[in-house]
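The values are calculated or read from the model by the stated rules, or taken from the named source; none is laboratory data. Quick caveat, the model's predicted, so the values are computed rather than measured. Methodologically, a virtual Cβ is constructed for each residue, glycine included, from the backbone with ideal geometry; neighbour enumeration extends over all protein chains shown.
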Amino acid sequence: MNAYYVAILQGSVLTVGVSLAALLVSIVLGLLGAAAKLSGNRMLVAIATVYTTVIRGIPDLVVMLLVFYGGTIGLNHLLELMGSKASVDINPFAAGVLTIGFIYGAYMTESFRGAILSIPKGQMEAAWAFGMGRVQTFIRITAPQMVRYALPSFTNNWLVLIKATALVSLIGLKEMTYLAKQASAATRSPFAFFMFTGALFLIYTSVSLYALRKVNERYSMGVKRGAL
Amino acid sequence: MKWSVIFEPQNLALYGNGILTTLGLLFSSLGIGAVLALIFALALTGPWAPLRWIVGAYTYVVRGTPLLIQVYLIYYGLGQLEWIQARWDDVWPWTHFKEPFFCALLAFGLNTAGYTAEMLAGAIRETNAGEIEAAQAFGMSRIQVMWRVVLPSAMRRTLPAYSNEVVMMLQSTSLASAVPSMLDVTAAASRVYSDYYLPFEAYIAAAVIYLITTFALIGVFRVAEKHFLAYLAPRRH
């Protein structure tokens, strides 16, 4: 009985791994998406808009199944066309990370875009007047302030992303939820195992919430709040 | 790509049934969620501290754990408890715990109640102090102020956030496919996939159905917001 709890606890490492890797993917996509939406280039704006609208209108699970099952067949077709006899299986970890990252990239796009828009334009113009390039302006002026504006919605997205990792169990990745389900089937006592897994998720989300609150305090240090 | 498979009568029927199940789940869980959310929001903003803590803990746990775990806990977990096993053969309402639809519905309803309660409580707390003072000056009691002034305005102000929650809930209903013998849109797509080994066609068809439904829901809320929030809109010349 105890061995199952230990296994679930070990599975939590995979949950953390999937979520962090997916977060990285989503941040990169979010920055690219925000840059595209703010670029003013019609083509880029259109692509980014389609991306954020379509992804947010489809359930995570459907996207995941599409990538996992469809991706496997698609890749094998591609290999066949190239004359290769090898067949590949998409591994659930990669499928999970890529799909979750791809989905939350759409949400990150919106929060980053909003954050960039919240920074007074004069600051960027001042940076340009000092002769800074676009990249320099982003790193020195925009990015540090973006953190503060983006944090509330970023926190929200991150919590939803953590919870979305449970779905990866449905395509066979042996993370906490998968192991809890297996343990339940083996021992016929699902209640305790799912409670345990739920508690682990709660700890993960609570720690994240606490940590991001600290980050928020740090980045809001120079901000004066109006007292009501 | 063999799209014709999707349009074969038996598969269209499969998707059709899926849409009915998905929408049924969505609207029933939203209904349950709305009633519970109103009660919870009143408790969260109420004067009685222990109740505030209990409901606060509830919404915290519901919002901090994955819905899939909640579904499993209710569908697989509760069935294990002897207390329920002793009753689910003949004592109402426990007989329902054998039905997958009921279990999914309960999990979804309790989940959306947690999220909606926090939104509504937020709106109630942010009600303009002047409105409440004016109502009190008219001699209204606490309950009257709540019922006549605070709630109608707070519910309206919750609309934009609530439309997000409804769209999220639509997507969450796809988790019903994780419960055996539930045939929602996602489960229908999985059935078509495994029957014909056509993942792209099967899941893209499901995705299109969800997209259309999402846009329809957003459209309805846009109209509702225009109607109910007209008095908060910026002035137009």
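Observations on the model:
Residue by residue, here is whether (1) at pLDDT 95 or above; (2) at negative phi holds:
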position: B:V55; (1), (2): yes, yes
position: B:L78; (1), (2): no, yes
position: B:T95; (1), (2): no, yes
position: B:G139; (1), (2): no, no
position: B:I143; (1), (2): no, yes
position: B:V150; (1), (2): no, yes
position: B:A154; (1), (2): no, yes
position: B:L159; (1), (2): no, yes
position: B:Y162; (1), (2): no, yes
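Residues checked against (1) more than 15 Å from A:R56 (Cβ to Cβ); (2) part of a helix (DSSP H, G or I); (3) in contact (Cβ under 8 Å) with a residue 12 or more places away in the chain; (4) more than 19 Å from the chain's Cα centre (by Cα):
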{"site": "B:A154", "(1), (2), (3), (4)": "yes, yes, yes, no"}
{"site": "B:T158", "(1), (2), (3), (4)": "yes, yes, yes, no"}
{"site": "B:P180", "(1), (2), (3), (4)": "yes, no, yes, yes"}
{"site": "B:T186", "(1), (2), (3), (4)": "yes, yes, yes, no"}
{"site": "B:R191", "(1), (2), (3), (4)": "yes, yes, yes, yes"}
{"site": "B:A206", "(1), (2), (3), (4)": "yes, yes, yes, yes"}
{"site": "B:T213", "(1), (2), (3), (4)": "no, yes, yes, no"}
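- Condition met for A:N216 (touching a Pro at 6+ places or on another chain (Cβ under 8 Å), over 30 Å from A:A7 (Cβ atoms) and either hydroxyl-bearing (S, T, Y) or in a helix (DSSP H, G or I) (or both)): yes
- Among residues of region A:163-210 being part of a loop (DSSP other than H, G, I, E, B) and facing another protein chain (nearest Cβ under 8 Å), the one that is nearest to B:N111 (Cα to Cα) is A:S189.
- Failed condition for A:K85, given (1) part of a helix (DSSP H, G or I); (2) farther than 29 Å from B:A187 by Cβ; (3) free of Cβ contacts under 8 Å to residues at least 12 places away in the same chain: (1)
- Checked against (1) within 30 Å of B:S194 (Cα to Cα); (2) more than 11 Å from chain B (Cβ to nearest Cβ); (3) not charged (D, E, K, R), A:M108 passes all but condition (1).
- Within this structure, B:L170 fails the test of being modelled with pLDDT of 90 or more, among the hydrophobic types (A, V, I, L, M, F, W, C), buried (at least 17 other Cβ atoms within 10 Å of the Cβ) and farther than 29 Å from B:M1 by Cα.
- Qualifying residue in region B:67-76 (condition: away from chain A (no Cβ under 14 Å) and either in a helix (DSSP H, G or I) or in contact with a Gly (Cβ under 7 Å, 6 or more places away or on another chain) (or both)): no
- Filter pass, A:S118 being away from every other protein chain (no Cβ under 14 Å) and either closer than 19 Å to B:E201 by Cβ or in contact (Cβ under 8 Å) with a residue 24 or more places away in the chain (or both): yes
- Some residue of region B:106-123 being out of contact with any helix residue (DSSP H, G or I) (no Cβ under 7 Å at 6 or more places or on another chain), within 24 Å of B:V150 (Cβ to Cβ), modelled with pLDDT under 95 and surrounded by fewer than 21 Cβ atoms within 10 Å (Cβ to Cβ): yes
- Hits in region A:30-66 - residues which are under 16 Å from the mean Cα position of the chain (by Cα) and more than 9 Å from chain B (Cβ to nearest Cβ): A:G30, A:L31, A:L32, A:G33, A:A34, A:Y51, A:T52, A:I55, A:M64
- Sole residue being surrounded by fewer than 15 Cβ atoms within 10 Å (Cβ to Cβ), out of contact with any Gly (no Cβ under 7 Å at 6 or more places or on another chain), farther than 21 Å from B:M168 by Cα and of a type in the set (S, T, N, Q), chosen from B:T95, B:T127: B:T95
- Residue list for region A:130-152, filter: in a helix (DSSP H, G or I) and either among the hydrophobic types (A, V, I, L, M, F, W, C) or within 12 Å of chain B (Cβ to nearest Cβ) (or both): A:V135, A:F138, A:I139, A:I141, A:A143, A:M146, A:V147, A:A150, A:L151
- Taking every residue in region B:21-37 that is part of a helix (DSSP H, G or I) and pairing it with any residue that is aromatic (F, W, Y), at least 6 positions away or on another chain, the pairs with Cβ-Cβ distances below 7 Å are B:L25/B:F108; B:S29/B:F108.
- Yes/no for A:L29 being farther than 29 Å from A:L151 by Cβ, assigned to a helix (DSSP H, G or I), in contact with a Ser or Thr (Cβ under 8 Å, 6 or more places away or on another chain) and aliphatic (A, V, I, L, M): no
- Evaluating A:K214 against the criteria (1) modelled with pLDDT under 90; (2) loosely packed, with under 13 Cβ neighbours inside 10 Å; (3) farther than 30 Å from B:P180 by Cα leaves one unmet condition, (1).
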